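Here is the structure we will look at, set down as structure tokens.
The values are calculated or read from the model by the stated rules, or taken from the named source; none is laboratory data. Just so we're clear, the structure is a prediction, and the values are computed from it rather than from any experiment. Every residue, glycine as well, gets a Cβ built from its backbone with ideal geometry; the counts of neighbours run over all protein chains shown. Quick note on the areas: whole protein, heavy atoms, side chains included, nothing else; ligands and nucleic acids left out. Shrake-Rupley method; radii C 1.70, N 1.55, O 1.52, S 1.80 Å.
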Amino acid sequence: MDPKYNWPKTPTVVGTRVKRLDGPDKVSGRAKYTFDVARPGMLYGRIVRSPYPHARVTGVDLSGAQKVKGFKSALIVRDPKDDKANTVMYQGDEVAAVVADTEEHAIDAARAVKVEYEVLPAVISVDAALAGNAPAVFTGGNVRQGQTQESGDLAAGFKSAAFTLDQTYSTHIITHVCMESHGTVCEWDGDKLTAWVTTQGVNSARENLATGLGIPQTNVRVICQYMGGGFGSKLQLGAEGLICARLAKQAGTPVKLMLDRKEEHLVTGNRPSAAARVKAGVAADGTITAFDGESWGTGGAGAGAGFPLPYIYQIANRRRAHKDVFINTGQQRPMRAPGHPQGSFITEIMMDELADLVKMDPVEFRLKNLPPEAPNAMWRSYLKEGAEAFGWSKRHPTGDPAPGSIKRGMGVAIGTWGGGGRGPSLAHCEIASDGSVTMRVGTQDIGTGTRTVVAMVTADALGLQPSQVTPQIGDTQYGVSGGSGGSTTAASTTPGIRIAALKALAALKEKLAPELGTGADALVAEGGRIHVAGDSSKGMSWADACKRIGPQPISTEADWQPGMTSVTTSGVQFAEATVDVKTGIVHATRVLVIQDCGLVLNQLTAESQVYGGVIGSLNFALFEDRILDKVTGQMVNPNMEWYLLAGMSDVPPIDVRLKNMPERGVVGLGEPPTVPTAAAVALAVRNAIGVTVRSLPLTPAKILQTLQQKA
């Protein structure tokens, strides 16, 4: 990459605190989400879903639906005559769909569809599947043995251990709980489809629609101006998207199909479960000498449940064998930092148990077993800094000796994530004679402030303010860019944006240079002016400069280039919590986050990312839980009443300390802060009550049961 495009050493906009440009539109209701889209003559779709976790569809009768007021059309997803497609594999699996003139009529019509099922045996319990007591459902078996990873000499490692530990740890399944449910509005114009999709990837959604419908991608336009939460579940188009497109084609008019809350819980993905039986050895000096893990988890019907283990720490002698367990539930989808919160919890709880065996402070124990420090592995420095800032020296040994039922404790955990940028991610910059600047990118804003970052990076390159730039995103007509997942959006889009903006500025300078009596290379853009470097009086305002452009705007394009981004972050989190040992209720009371992400583009939205990540992981630790009926396999809490989430009073003060590393370029921040929180809170609970709860969530019932077992 040409060095002239490097990130500036003294940025004027990048790295500052800029409020979201779309904030006023969001709080005023002017921002239009897919849920808000209304097209002329639009109909409403509804999907008929299986109530059974495993069944063969033997008959679908649409005659009842056809008699419902407002009914327009229907389609059968599971043709009873098609032996390859007539079997449903989980509760909520699609069977048929209807379309009517109103949403209420569509619901009535869906209820009137009669489906006959041959109910089949189902795998409901992971334990039963592992024990071989579940019915044989999945081709190749209900349990798939993964690869075994091994290094060092495990026997020698255990032989050199002063203490050994043998425990089982586990995390549960949670769903994504997007504020805006999954859904699509589809409108055909001949063989051309326009789809408004609530998606984390307009271009991937276009590809999914084109492939599923068997039409060229050039015939599909996908729009997503605003999206109400995805967390990984909206990276790919769900079945409802293709069904909506087919219903619209069949009905000959636009169709809107948005899922309800129950459907969200059942079919739009989840975070897989994770469990591991860990045998570990530790030397008297605190060095972990051996790690032997047997792990498993389920991602639902035919889906895996991978997670890293052990997590981050350096152990010379190690073995890990993993099994994926298939059960008849909806399949997992990526959820913020896939696998890492699970691997973090299992490893970090083990770390504190080992530290107690050798009577070491948990921070000191972690320092003893960390890999060497590097720009993308700063845990040693962060742990020391965090311990000082958090008041770790006031932490008592395991078990709060204070009188009374309220016990207080502290915990610590670390995290990492790859992130980084990649292409293609085309950016198109346009400067017009009226001084307006437009930056178009085929990316999307999933709620993280991408629009604002697009404007900031452009403005920084042109010597303007973000408010002087019009960012245009969320439309496949703006070019190819990747999906927003894995903390890759900022690192993928901003290099092209900066390069395109600097190319446009160079073209503008060429037009001005003769008039200013100098070469284009001698001109600089800063403070809303273009002038000769070192002589601000010899120049002109941005508005006057742009008047020299003429009727044809300056238009440039650029793609992502290596050299402006890098990969891998490191972070630590300290948590404090109180536990009422009479009720089992846990309150997180404060969290400290020290996190790096390479170059910080917008301090304000970066901090918001951290707040969101910590709160999400707090939910994972204390509240969220997908609960299945042990007999029927049906989810018993597919709503917002019994599927618990933190309220405002449950969220503690969160002290965010970002480490800006401009020399590393942009890395990404969406995933990292959500990794260590759950483990840090669980360890604060352990420090408070003096016993270890080895599974999530930390419900009052589980806390009380663990305390009772101790007694």
Exercise. Roll a 1.4 angstrom probe over the protein heavy atoms and tell me the percent of accessible area of the chain that is carbon or sulfur.
Key: 51
Quiz prompt | Check: the range 418-516 dipole with +1 on Lys, Arg Cβ and -1 on Asp, Glu Cβ, in debye | solution = 240
Quiz prompt | Dipole magnitude of the range 308-415 about its Cα centre (Cβ charges: Lys, Arg +1; Asp, Glu -1), debye to nearest 20 | solution = 240
Exercise. Show Arg529, Arg17 ordered by accessible area, largest first, where the area counts protein heavy atoms only and the probe is 1.4 Å.
Key: Arg17, Arg529
Exercise. Find the relative contact order for the range 250-389 and round it to a whole percent, using C-alpha pairs within less than 8 Å whose residues are 6+ positions apart.
Key: 24
Quiz prompt | Pairs from Lys368/Lys702; Lys72/Lys262; Lys4/Lys511; Lys4/Lys538 whose Cα-Cα separation, in the structure shown, is over 29 Å | solution = Lys368/Lys702
Exercise. Using +1 at the Cβ of each Lys and Arg and -1 at the Cβ of each Asp and Glu in the range 1-141, identify which of Thr16, Ser50, Val60 lies farthest towards the dipole's positive end.
Key: Thr16
Exercise. First select every other residue whose beta carbon is under 12 angstrom from the beta carbon of Leu309; then total the charges, Lys and Arg +1, Asp and Glu -1.
Key: +1
Quiz prompt | Net charge of neighbours whose Cβ lies under 9 Å from the Cβ of Gln477, counting Lys and Arg as +1 and Asp and Glu as -1 | solution = +1
Quiz prompt | Distribution of pairwise C-alpha distances over the range 61-172, 10 Å bins, in % | solution = 11, 24, 21, 17, 12, 8, 6, 1
Quiz item: Over the chain, what is the mean sequence separation of C-alpha contacts under 8 Å (at least six apart), divided by residue count, expressed as relative contact order in percent?
Solution: 16
Quiz item: Can you work out the FRET efficiency for the pair Val631 and Lys67, with r the C-beta to C-beta distance and R0 = 41 Å, to the nearest 0.05?
Solution: 0.70
Exercise. Taking the Cα centre of the chain as origin, sum charge times position over the Cβ atoms of Lys and Arg (+1) and Asp and Glu (-1), and report the length of that vector in debye to the nearest 20.
Key: 220
Quiz item: At what distance in nm do the modelled label points of Glu385 and Arg590 sit from each other, each positioned 7 Å from its Cα along Cα→Cβ?
Solution: 1.8
Quiz item: Mind checking which lysines have their C-alpha under 21 Å from Lys19, skipping anything on the same chain fewer than 8 residues away?
Solution: Lys32, Lys659
Quiz prompt | Two-site FRET efficiency, Asn6 against Glu150, from Cβ-Cβ distance with R₀ of 30 Å, rounded to 0.05 | solution = 0.10
Quiz item: Which net charge results for the neighbourhood of Arg221, defined as the other residues with beta-carbon distances under 9 angstrom from its beta-carbon, given Lys and Arg at +1 and Asp and Glu at -1?
Solution: +1
Practice problem: Rank-order 645-654, 245-254, 342-351 by packing density, defined as the average count of other C-beta atoms within 10 Å over each peptide's residues, highest first. | Solution: 342-351, 245-254, 645-654
Exercise. Name all residues of the range 565-589 having a backbone nitrogen under 19 Å from the label point set 7 Å from the Cα of Leu645 along its Cα→Cβ direction, giving them as ranges.
Key: 588
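By accessible area of protein heavy atoms, probe 1.4 Å, what ranking do Thr458, Thr168 get, highest first?
Thr168, Thr458
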Quiz item: Modelled label-to-label distance, Gln314 and Glu294, 7 Å Cα→beta-carbon offset: nm?
Solution: 3.1
Quiz item: Along the Cα-to-C-beta direction of Asp127, a point sits 7 Å from the Cα; which residues of the range 596-630 have their amide N less than 16 Å from that point?
Solution: 627-630
Quiz prompt | Average accessible surface area per residue within the chain, 1.4 Å rolling probe, Å² | solution = 39
Self-check item: As computed over the range 258-395, the Cα convex hull volume per residue (Å³)
Solution: 151
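Counting helices only, and only those DSSP H runs with n ≥ 4, report the 222 nm mean residue ellipticity of the chain as the sum of -39,500 (n - 2.57) divided by its residues, in deg cm²/dmol to the nearest 500.
The helix-only estimate for the chain comes to -8000 deg cm²/dmol at 222 nm.
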Practice problem: Find which of Val532, Ala96, Trp642 sits farthest along the positive direction of the dipole of the chain, computed with +1 on the beta-carbon of Lys and Arg, -1 on that of Asp and Glu, about the Cα centre. | Solution: Trp642
Exercise. Can you pull the one-decimal nm distance between simple spin-label points at Gln709 and Lys394, each 7 Å off the Cα toward Cβ?
Key: 3.2
Quiz prompt | Lys/Arg +1, Asp/Glu -1 at C-beta; the range 336-421 dipole; positive extreme among Trp392, Trp379, Val358 | solution = Trp392
